[in-house]
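Worksheet for the structure shown next.
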Amino acid sequence: MKNSIQAFIRRAGYEIHRYHAPLPLLRDDPAALARLTQRLQQPPVKLHFGCGPRVLRGWLNFDLSYEPYEKYLQYYGDRFYAPDVRGTADDLFVHDVSQAGLPLPDNSVDVVFHEDFIEHLSQRTQLLFLAETWRVLKPGGVHRINTPSITASMRQSSDFTRGFAGVYVQEWDLYAHLNILSPGTLEELARLVGYSSVTFNHRDGSVSPLIPPEYRPGQDRPEDGNLFADLIK
């Protein structure tokens, strides 16, 4: 099962740094831009980043390509991906957030959501992403982050008394993570770019009722191995 989950993570479109060819950007796709503009007129406006095959109906889902969910439904099941929330390719917008901002007006978005996504961005891109999501969120809007905790991972799997040999480097090497956050680092970065408050809670504990059932972490990581945070503009 663990190997299957790892294969799912690698194939779900999260490994932004592994793509070498230029990827389409929304600003260069008139049809997608028109579709996006139309969707902005249908509140609430909800952004879902790093969606992989879990494209959510009623959300603006962003990833590097469209991946049909049928290959992965065995992992999601109806609990996390019920028929009434399954989106289509029309709900997906191909966009590389490491290369360009979002073609969205200031203060136009009600909620931002992603899980097991931000750790696949470099430190540079994380700051760009946090600043851009703050820009597009409405005042009081919620940015829901669900991401592995570097603190929990190291406590569980490292033996620092062994020095170099005791560090659990698979957190980077196995999962293709680039910059894994701690609670302190996440809160400091969020406040730095302008978020007014940061609240840490638990799976499905968001202050926003718009957040869907949270799928991650899976069987490869205990629930307390992830950070669940609400960033409020």
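None of the figures in this text is laboratory data; all of them are computed from the coordinates on show. Since we're looking at a predicted model, the values are computed, not measured. Quick reminder, even Gly has a Cβ in these numbers, built from the backbone with ideal geometry, and neighbours come from all protein chains shown.
A few remarks follow.
- Only Cα pairs under 8 Å and 6+ residues apart enter the sum, and on that basis the relative contact order of the stretch 60-154 stands at 31 percent.
- The Stokes-Einstein estimate for the chain, based on a Kirkwood radius over Cα pairs and taken at 10 °C with 1.306 mPa s viscosity, is a diffusion coefficient of 87 µm²/s.
- On Cα atoms only, tilt of 183-193 relative to the major axis of the chain in degrees: 30 degrees
- Shown for TRP134, TRP172, TRP59: other C-beta atoms within 10 Å of each C-beta, ranked fewest to most, produce the order TRP172, TRP134, TRP59.
- Of all aspartates and glutamates in the structure, those lying under 16 Å Cα to Cα from LYS138, and not within fewer than 8 positions of it along the same chain, are ASP106, ASP110, ASP230.
- Both radii are taken from the alpha-carbon atoms of the stretch 135-233; with Rh as the Kirkwood radius, Rg/Rh is 1.02.
- Using alpha-carbon coordinates, inclination of helix 123-136 to the longest axis of the chain, degrees: 40 degrees
- Backbone HN-Hα couplings from phi across the stretch 83-99 [Karplus 6.51/-1.76/1.60, Hz, Gly and Pro as x]: x, 6, 10, 6, x, 10, 4, 5, 8, 10, 10, 6, 7, 9, 5, 7, 10
- Cα centroid separation, the stretch 54-108 to the stretch 200-233 (Å): 18 Å
- Proxy reagent accessibility, fewest Cβ within 10 Å first, across GLU115, GLU132, GLU188: GLU188, GLU132, GLU115
- Karplus-derived HN-Hα couplings along the stretch 45-53 (A = 6.51, B = -1.76, C = 1.60, θ = phi - 60°), whole Hz, x at Gly and Pro: 8, 10, 9, 10, 9, x, 5, x, x
- Enclosing the Cα atoms of the stretch 67-179 in their convex hull gives a volume equal to 164 cubic angstrom per residue.
- Amide H to amide H, with H built 1.01 Å from N, LEU181 comes under 5 Å of ILE150, counting only residues 5 or more places away or on other chains.
- The magnitude of the dipole of the stretch 2-232, with charges of +1 and -1 set on the Cβ of Lys/Arg and Asp/Glu and taken from the Cα centre, is near 80 debye.
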